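All remarks here apply to the structure that follows.
The values are calculated or read from the model by the stated rules, or taken from the named source; none is laboratory data. Source: prediction; values computed, not measured. For neighbour counting, all protein chains shown are included, and Cβ atoms are generated from backbone atoms with ideal geometry for every residue, glycine included. For accessibility, only protein heavy atoms count, side chains too; no ligands or nucleic acids. Shrake-Rupley method; radii C 1.70, N 1.55, O 1.52, S 1.80 Å.
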Amino acid sequence: VVGTTVNGTGTGVLGDTKSFKMVKSGAYYYLQDDTRGKGVHTFDAKNRTSLPGTLWRSTDTLLDAAYDRAAVDAHAYASQVYDYYKDVFGRNSFDNNGAILKSVVHYGRNYNNAFWDGTQMVYGDGDGTTFTSLSGGLDVIAHELTHAVTERTSNLIYRNESGALNESISDIFGTLLEFHTNNNPDYLIGEDIYTPNTPGDAFRSMSDPTAYGDPDHYSKRFTGTGDNGGVHINSGIINKAAYLLAVGGTHYNVSVTGIGNEKMGQIFYRANTTYFTASTTFSQARAGLVQAAADLFGANSQEVNSVKQAFNAVGVQ
Ligand SMILES: CCCCC[C@H](S)C(=O)N[C@@H](Cc1ccccc1)C(=O)N[C@@H](C)C(=O)O
Ligand SMILES: [Ca+2]
Ligand SMILES: [Ca+2]
Ligand SMILES: [Zn+2]
């Protein structure tokens, strides 16, 4: 819509208060942020599956109803992910040309998932047992938006090893967003919205993928056809390598010297946007990450050595 920017405040999925930009047009206020790129727009699918639904409209700037919560988080967190890519990597939205960030909430009925469909981020409300509204997790939103970045850069095929790499990159940046914004940061994925009635668990873990049944070594990779060849399963191998690269540790008797989250993120961002291609395998990813680290820190740097150690530790040569 065309209008004037105003400040909105609202309640998120977890009951937390947050502020964001809205646009006032006539008598209505919309979840439209004109201050970031060409805009951040949040839509209501009204529990149907036609996309994108309608631009979120309110009669005031206070979004504190239960039905508003998923939209509040989708809008506020999408803005935070926009700011991260712009401030940390100088990337202006997923296309690096300020593309409008579209988010859709209340998709379907009891929909236990979230996805990027090539045009927008789409979030279900969950069934209230397995998941609550998926936009309530910052790592989920950064996961989905990172798929958009990957699609416009390496365009990693969403199947088998390239697909697991694609999924891992989304989990990695989901985690980096939590640390960058200091939002209850951890190396878990989906903890804020998974099993709302069970505290202390998560959907996936980067620090210990095996905690949720995912492999933490190449010798334990899934070789079936389910899940597009295990894209959400074998992502654990790359997630573990990224965790070790950032934090360090000894894994299957291989020691890794940690280099910190920021450098780990720089290396993965550069590799994904410069060296990875649609068909990149785990082994080729190692090579691309080594090259990215060499570009950034020098061929004989600790960072390069730590990338090699991390991939040795998860059995990827
Ligand atoms: C439409 C089917 C395909 C969905 C794929 C999207 S990108 C995806 O990976 N979604 C995440 C959502 C998520 C992210 C973080 C934490 C919890 C849930 C995902 O992992 N989906 C699982 C449920 C899956 O599709 O198997
Ligand atoms: Ca997390
Ligand atoms: Ca839980
Ligand atoms: Zn995904």
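So here's what we get for this one:
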{"read-out": "Residue in region 215-243 that is farthest from Val307 (Cα to Cα), counting only those that are within 11 Å of ligand 1 (Cβ to nearest atom) and out of contact with any Pro (no Cβ under 9 Å at 6 or more places or on another chain)", "value": "Gly226"}
{"read-out": "Members of region 180-208 found to be near ligand 3 (Cβ under 7 Å from one of its atoms) and in a strand (DSSP E or B), listed by number", "value": "Tyr194"}
{"read-out": "Residue in region 126-149 that is among the acidic types (Asp, Glu), more than 14 Å from ligand 4 (Cβ to nearest atom) and buried (at least 24 other Cβ atoms within 10 Å of the Cβ) present", "value": "no"}
{"read-out": "Residue under evaluation Gly118, criteria (1) in contact with a helix residue (DSSP H, G or I) (Cβ under 8 Å, 6 or more places away or on another chain); (2) surrounded by 16 or more Cβ atoms within 10 Å (Cβ to Cβ), criterion not met", "value": "(2)"}
{"read-out": "Out of Phe276, Phe268, sole residue that is farther than 25 Å from Pro185 by Cα, open to solvent by less than 40 Å² (accessible area, probe 1.4 Å) and out of contact with any Lys or Arg (no Cβ under 8 Å at 6 or more places or on another chain)", "value": "Phe276"}
{"read-out": "Inter-residue pairs, beta-carbon under 8 Å, first closer than 11 Å to Ser162 by Cα and in region 221-234, second assigned to a loop (DSSP other than H, G, I, E, B) and within 16 Å of ligand 2 (Cβ to nearest atom), 6+ apart", "value": "Asn234/Asp214"}
{"read-out": "Members of region 103-121 that are in contact (Cβ under 8 Å) with a residue 40 or more places away in the chain, of a type outside the set (Ser, Thr, Tyr) and touching a Gly at 6+ places or on another chain (Cβ under 9 Å)", "value": "Val104, Val105, His106, Gly108, Arg109"}
{"read-out": "Residue count, region 143-161 (criterion: away from ligand 1 (no atom under 14 Å from the Cβ) and either among the acidic types (Asp, Glu) or within 20 Å of Met264 (Cβ to Cβ) (or both))", "value": "3"}
{"read-out": "Filter result for the condition that a residue is under 25 Å from Asp87 (Cα atoms) and open to solvent by less than 70 Å² (accessible area, probe 1.4 Å), over Gly224, Gly213, Gly229, Gly174", "value": "Gly174"}
